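The block underneath contains the structure these notes are about, expressed in structure tokens.
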Amino acid sequence: MRWEHSNKSDGVFKMKEKAWRNRSFSIYLGKEEPENTNKIFEIGIVISGVKTCQINDVHHQIKEREVFFLMPYDSYWNDYTYHQEQKTISILFSKKWIESFLADDLGMLNQRARVASFSENDWEQMLFLCEQLIKEQELRDRYSEKVEKIYLHNIIILFMRNLKEEAPIYAEELSLMKKSREYIRKHFKEQITLDDVATYTGYTNAYFSRKFHAVFGESYKSYLIRLRCEYAQEMLTNTNLSVTEICYKSGFASISNFQKSFKEICGVTPKAWRKKQTRREQ
């Protein structure tokens, strides 16, 4: 897709606008195409027609002026039984593109809350943001990533404001789950256990595990390991500590567990991660 950067008439601009609004395509933020789709978020903006699909076993017919949002852990498939021609813009990105306050809000969503139906004014705003995001993809200068992140944040906020269905979670339970996550953040470098965190909330281990996954979309264990690996990434990048020292400072009980978990989360070993970061700085 090419954009007109010269001073041409509004008619030409509208013609270009109409051209992109009548086709389906994907925008990959950060890279041309994601390496691991299991860690990718997706925003689907239906420009025309009807998209029939299932998200987390819930059947949807997503129409023009509607937007769907897929989390990395969502199950999703297109239902071609009821196929109708439709045009969609798909925006794909990793977690690093979302500020923590938005990530927290998205983590609170019920698995059913994935489709937003837009008012006319908000829909025009959504299309404007898409136009600017597409234009920035063509421009590509040293400011582009920061500008794209701003557009993406506004798109996510518009989605949240127009959601059809909010998560039916009781305020007391939601508060306890937030507190449990803060407890894990505070103690992840220690040898905490599921029993420790469940006891902190007053729930049984099984009930806490189910509730934590329902609220945040990932298990207690995967969240704990992710925090430890993210902390290890920082130390591998910013300190000269050995891999063994970093292993235990991050809360892992053994080198073998650290190596295995880090590679599962980050795609490479701790040693390879450090070498990669060193090359980037040179």
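Between TYR143 and LYS275, the FRET efficiency from the beta-carbon distance, with R0 = 22 Å, is close to 0.15.
Near ILE255: Cβ cut-off under 12 Å, other residues only, Lys/Arg at +1 and Asp/Glu at -1. The net charge is +1.
Rounded to the nearest Hz, the phi-derived 3J(HN,Hα) couplings of region 187-195 under the Karplus curve 6.51 cos²θ - 1.76 cosθ + 1.60 (θ = phi - 60°) are 10, 5, 7, 9, 8, 7, 10, 4, 4, where x marks glycine and proline. Each residue of region 137-142 was assigned a 3J(HN,Hα) from its phi angle through the Karplus curve 6.51 cos²θ - 1.76 cosθ + 1.60 (θ = phi - 60°); the sequence is 4, 7, 5, 6, 10, 5 Hz, with glycine and proline shown as x. Scanning residues 5 or more positions from TYR76 or on other chains, those with amide H under 5 Å from its amide H are ASN56, with H placed 1.01 Å from N in the peptide plane. Residues with amide H under 5 Å of SER26's amide H, sequence separation 5 or more or different chain, H placed in the peptide plane at 1.01 Å from N; which? For SER26, the qualifying residues are SER90. Hydrodynamic radius of region 172-281 by the Kirkwood approach over all distinct alpha-carbon pairs: 14.8 Å. Annotation: amide H-H contacts under 5 Å for SER48 (H modelled 1.01 Å from N, sequence separation of 5 or more, or interchain): LYS87.
Read-outs: derived from the displayed coordinates by stated rules, not from any lab. Remember, it's a predicted structure, so these values are computed and weren't measured experimentally. Positions of Cβ are generated from backbone atoms using ideal geometry, with glycine treated the same way; all protein chains shown enter the neighbour counts.
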